[in-house]
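**Student:** Have a look at this one.
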Amino acid sequence: MGMTMTQKILAHAAGLDKVVAGQLIEANLDLVLGNDITSPVAIKEMDKMRVDGVFNKDKIALVPDHFVPNKDIKSAEHCKCVREFAKRNEITNYFEVGEMGIEHALLPEKGLTVAGDVIIGADSHTCTYGALGAFSTGVGSTDMAAGMATGKAWFKVPSAIKFVLTGKPSKWVSGKDVILHIIGMIGVDGALYKSMEFVGDGIANLTMDDRFTIANMAIEAGGKNGIFPVDALAEQYMKEHSTKKYTIYKADEDAVYDETYTIDLSTLRPTVSFPHLPENTHTIDEIHEMDDIVIDQVVIGSCTNGRLDDLRTAAEILKGRKVKKGLRCIVIPATQKIYLQAMEEGLLKTFIEAGAVVSTPTCGPCLGGYMGILAEGERCVSTTNRNFVGRMGHITSEIYLASPAVAAASAVTGKISCPCEL
């Protein structure tokens, strides 16, 4: 019986020749991540442990990004706690305002996540780095504390689901539509504590930004992690961004999967997730058969869709057009580097001329933090990852998850729309 990609990575990290699904292992960690919400809790737990410093100052990344720049006194105190901990322990990878970004876009950009790594982060969307062939997963703050102290973590080896991607997506269909389609198909618990492994010749038709988006939302299907095989494009990305050594693992031909799904990307349509679960999906064609869904706000950004490809797509649609009068459109580049590149390409000018606002990198509105809170009964089309009750504000507000293309088109029309309608 062979091993999946994830199982091979975990076996190596545990110093074992072989692991099987359900086995408990202790694995060495290549990176431990925390942000301004989760790190203070972990830091307090480390204080209780009475440990002398961290296991490796180069293998910890602290990224204040959720309520940064600080929105209030409490968020300022949280960031101060993280800042002082980083200084006290000489943490190499501490990223403050001015050089920070949304953590799951920033770390690959900085070259801190590469193929074969075992990465934990006290944030559920840590699974993003599977796009580069790493095993990465979210953990609680207590596990983050143990990881920072010891450089190790306990895992139950996950079983896996194989998603065979074939064909080429049509215009305006992106990685966001792919993962929303999958979540709609298997449900929010369809991959509970399983590795979602994406394979097939269709991967060659997905950009790295598409892959980051797909891996990012594996958790929304209940997945322990999402992971892609390392091809030439992924290797090129790592060589451009990192000096770290990486190790490519390939699944055995006789690896065992709980289920296998084949998805022809050419058949997918722009897809929107309706309130109040990511699995509540409808294609744009189905939406056309409904009464107009009038909206109050659009958010284009987040760790899911704030990358350069996302901004280019939104700008392509907004160029020469105007945001619907009375509607708020908020654009948030995911990192300073992306912000600067978008500025140099004229994308920010396009957004502002269209009537949108552009923010410094922050998670902000995604978790109902700030920079886009919804009032009673308001509707938002958002490129974020969750649309739970009250996620972005008032408990009667509604969030519709969509791609940057659908979000930008909806900003122009004032209702959920496809770019093909413009």
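**Student:** Being on the phi > 0 side of the Ramachandran plot and without any contact (Cβ under 8 Å) to a residue 12 or more places away in the chain is the requirement here; does ARG88 meet it? Break it down stepwise before answering.
**Tutor:** Values: on the phi > 0 side of the Ramachandran plot: no; without any contact (Cβ under 8 Å) to a residue 12 or more places away in the chain: yes.
No; evaluated as a whole, the condition is false for this residue.
**Student:** Continuing with this model, one more query. Quick one: count up the residues across the range 192-223 that are of a type in the set (Phe, Trp, Tyr) and assigned to a loop (DSSP other than H, G, I, E, B). Steps first, please.
**Tutor:** Within the range 192-223, the subset of a type in the set (Phe, Trp, Tyr) is 193, 198, 212.
Restricting the remaining residues to those that are assigned to a loop (DSSP other than H, G, I, E, B) gives 193.
Result for the range 192-223: 1.
**Student:** Something else: Which condition does GLY414 not pass, out of (1) at positive phi; (2) crowded, with 20+ Cβ neighbours inside 10 Å, if it passes all the others?
**Tutor:** Here GLY414 clears every test but (2).
**Student:** Could you tell me whether ALA334 is under 21 Å from GLU316 (Cα atoms) and buried (at least 24 other Cβ atoms within 10 Å of the Cβ)?
**Tutor:** Details: under 21 Å from GLU316 (Cα atoms): yes; buried (at least 24 other Cβ atoms within 10 Å of the Cβ): yes.
Yes, satisfied.
Conditions (1) more than 24 Å from ILE332 (Cβ to Cβ); (2) buried (at least 23 other Cβ atoms within 10 Å of the Cβ); (3) under 23 Å from the mean Cα position of the chain (by Cα), marked per residue:
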position	(1), (2), (3)
ILE9	yes, yes, yes
ASP52	yes, no, no
LYS57	yes, no, no
VAL63	no, yes, yes
LYS80	no, no, no
GLU99	no, no, yes
ALA105	no, yes, yes
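**Student:** Could I ask something else about it? Only one residue in ASN216, ASN225 is farther than 20 Å from LEU268 by Cα and surrounded by 24 or more Cβ atoms within 10 Å (Cβ to Cβ). Which one?
**Tutor:** On the way: ASN216 fails: farther than 20 Å from LEU268 by Cα.
Exactly one of ASN216, ASN225 is farther than 20 Å from LEU268 by Cα and surrounded by 24 or more Cβ atoms within 10 Å (Cβ to Cβ), namely ASN225.
**Student:** Sticking with this one: Would it be correct to say that ASN35 is over 22 Å from the mean Cα position of the chain (by Cα) and within 21 Å of VAL118 (Cβ to Cβ)? Steps first, answer last, please.
**Tutor:** Working: over 22 Å from the mean Cα position of the chain (by Cα): no; within 21 Å of VAL118 (Cβ to Cβ): yes.
Against the criterion (over 22 Å from the mean Cα position of the chain (by Cα) and within 21 Å of VAL118 (Cβ to Cβ)), ASN35 does not qualify.
**Student:** For the range 181-206, how many residues meet the condition of being closer than 14 Å to ALA160 by Cβ and among the small types (Gly, Ala, Ser)?
**Tutor:** 3
**Student:** Could you tell me which residue of the range 250-269 is surrounded by the most Cβ atoms within 10 Å (Cβ to Cβ), considering only residues that are part of a loop (DSSP other than H, G, I, E, B) and over 22 Å from the mean Cα position of the chain (by Cα)? Please lay out each step first, then the result.
**Tutor:** Taking the range 250-269 first, the residues part of a loop (DSSP other than H, G, I, E, B) are 250-254, 256-258, 268-269.
In the following step, the residues that additionally are over 22 Å from the mean Cα position of the chain (by Cα) were identified as 250-254, 256-258.
On the way: LYS250: 14, ALA251: 21, ASP252: 14, GLU253: 6, ASP254: 8, VAL256: 16, TYR257: 17, ASP258: 13.
Here the answer is ALA251.
**Student:** While we're looking at this one, here's another question. Scan the range 157-191 for residues that are open to solvent by 10 Å² or more (accessible area, probe 1.4 Å), touching a Lys or Arg at 6+ places or on another chain (Cβ under 7 Å) and in a helix (DSSP H, G or I) and jot them down.
**Tutor:** none
**Student:** Related question: Looking only at the range 107-126, which residues are over 14 Å from the mean Cα position of the chain (by Cα) and in a loop (DSSP other than H, G, I, E, B)?
**Tutor:** Listed by number, the residues that qualify are LYS110, GLY111, LEU112, VAL114, ALA115, GLY116, ASP117.
**Student:** Right, here's the next one. Residues of the range 192-213 being open to solvent by less than 10 Å² (accessible area, probe 1.4 Å) and either within 11 Å of the chain's Cα centre (by Cα) or of a type in the set (A, V, I, L, M) (or both), which ones? Working first, answer last.
**Tutor:** Our first condition is that a residue be open to solvent by less than 10 Å² (accessible area, probe 1.4 Å); within the range 192-213, this holds for 195-198, 202-203, 206, 211-213.
Residues satisfying the conditions are MET196, ILE203, LEU206, ARG211, PHE212, THR213.
**Student:** Separate question: Checking the structure you have, find out if any residue of the range 281-291 is under 25 Å from ALA342 (Cβ atoms) and open to solvent by less than 10 Å² (accessible area, probe 1.4 Å). Lay out the reasoning, then the answer.
**Tutor:** Going through the range 281-291, the residues under 25 Å from ALA342 (Cβ atoms) turn out to be none.
No.
The values are calculated or read from the model by the stated rules, or taken from the named source; none is laboratory data. All values reported here derive from a predicted model rather than from experimental measurement. Counting neighbours? That spans all protein chains shown, and the Cβs are built from the backbone with ideal geometry, glycine included. Note: accessible area is taken over every heavy atom of the protein model, side chains too, but ligands, DNA and RNA are not part of it. Shrake-Rupley method; radii C 1.70, N 1.55, O 1.52, S 1.80 Å.
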